[in-house]
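The values are calculated or read from the model by the stated rules, or taken from the named source; none is laboratory data. Note that the structure is predicted; figures quoted are calculated from it, not measured. Glycine also receives a Cβ, built like all others from the backbone with ideal geometry; neighbour counts cover every protein chain displayed. Surface accessibility is based on the protein's heavy atoms, side chains included, excluding ligands, DNA and RNA. Shrake-Rupley method; radii C 1.70, N 1.55, O 1.52, S 1.80 Å.
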Amino acid sequence: MLRPTLALALGSRALQRLAPAQGLGISQRRPHQATLPPASEQLEGQNWLPLDAELVPESLVEAARLDPFRIPATADREGYHEDRHLDYWISGLHDYELLRQTAGRFGLELDPSSVLLDLGSASGRVARHAVTRGGHTTWALDINAAHVAWMAEHLDHSELRAVHHPALPHLPLADRSVNFAYGLSVFTHIDEFESAWLAELNRVLAPGGMAALSVHTERTWANLNPDWTLHESLVVRRRQIVGRRVEADTFDAPMPVGREVFRWRAGGLYNTNVFHHTQVLRRDWGRLFEVLEILPEASGYQDLALLRKPH
């Protein structure tokens, strides 16, 4: 939050200009759409995304029993999975179990005493499983107030902490208070404040704690194809990208060894896509964390960087 003296000095018009430029957050409170039945009431009638038996050994019926909460309408969940509502729920379950089991492979066993941070939680696609299945105290933070309001109203669980936060690098959490943090499709959209956000994650993680962050890498660059929504942003809408020239064959060449930022003409938030070459990611992110592994396509078409805070 801006200090009162600074706010007075800037004046209201200056603040209106500052907020979009620096991405203070999305605060509009539009009415939510009608919620959908819980997963347990949507198990018949369609061919759903199959459960990955390596991640979820029990049946879908058994897994759904653990989560009594309703599912957000498509418009209230960033459009995830469009009208395939149970697929939305299953995708969150798969991601939670992938995160939990990956942490376990590197010696961090998450149990009900563990504190989790879901950075960029939207309306709780993964966080709902962290609290209902894992029993973890879970901080679910998002820059969109409408998503946070949805969680507060419809995911009424004692271990869920839903918080609206700014896009500026600040976490409302104590030092060393989090065991495991994750951000899915978050650092793929952070440009100027990347290092500050990494420092904030380092601050709140306990020694030995881990973070899992999805990233676009040189593999994403090489495999970019029309089936991905990323292709729409970078190729179909390339004339709207500012600051660099993008051609239809730009992604046919190897990704430069660096950090590549694409920004669209649209103002406000959600107007940036960021790629990290893994050599540069390991070098730069390795200054704050031990980079344990970069898992290919672990989060859809995005790779997943697994980091550990040194003891």
Q.
For the structure I just gave you, tell me whether R237 is among the basic types (K, R) and farther than 24 Å from I143 by Cβ.
A. no
Q) In the range 222-274, how many residues are among the small types (G, A, S), under 23 Å from Y80 (Cα atoms) and not in a helix (DSSP H, G or I)? A) 3
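Look at the range 193-221 and say how many of its residues are among the β-branched types (V, I, T) and part of a helix (DSSP H, G or I).
Within the range 193-221, the first condition is being among the β-branched types (V, I, T), and the residues that meet it are 204, 215, 217, 220.
Those still in the list that are part of a helix (DSSP H, G or I) too: 204, 220.
Final tally of qualifying residues: 2.
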Q: Give me a count of the residues in the range 55-73 that are open to solvent by 40 Å² or more (accessible area, probe 1.4 Å), out of contact with any Pro (no Cβ under 9 Å at 6 or more places or on another chain) and touching a residue at least 24 places away in the same chain (Cβ under 8 Å).
A: 2
Q: Please find, within the range 199-234, the residue that is farthest from G258 (Cα to Cα) out of those that are of a type in the set (V, I, T) and modelled with pLDDT of 95 or more.
A: V204
Q | Count of the range 53-68 residues which are touching a helix residue (DSSP H, G or I) at 6+ places or on another chain (Cβ under 6 Å) and part of a loop (DSSP other than H, G, I, E, B) | A | 4
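Taking D142 as the residue in question, decide whether it is within 17 Å of the chain's Cα centre (by Cα), over 22 Å from H32 (Cα atoms) and not aromatic (F, W, Y).
no
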(Q) I want to confirm something. Restricting to the range 29-54 and keeping residues that are among the small types (G, A, S) and open to solvent by 50 Å² or more (accessible area, probe 1.4 Å), which single residue is modelled with the lowest pLDDT? (A) G45
Q) Restricted to the range 249-265, and to residues that are under 21 Å from the mean Cα position of the chain (by Cα) and open to solvent by less than 50 Å² (accessible area, probe 1.4 Å), which residue is farthest from S233 (Cα to Cα)? A) E260
Q: Please give the number of the condition L281 fails out of (1) open to solvent by 50 Å² or more (accessible area, probe 1.4 Å); (2) not in a strand (DSSP E or B); (3) not polar (S, T, N, Q).
A: (1)
(Q) If I go through the range 284-311 residue by residue, how many of them are open to solvent by less than 30 Å² (accessible area, probe 1.4 Å) and either outside any strand (DSSP E or B) or of a type outside the set (V, I, T) (or both)? (A) 12
Q. In the range 266-287, which residue that is β-branched (V, I, T) and modelled with pLDDT of 95 or more is nearest to P254 (Cα to Cα)?
A. T278
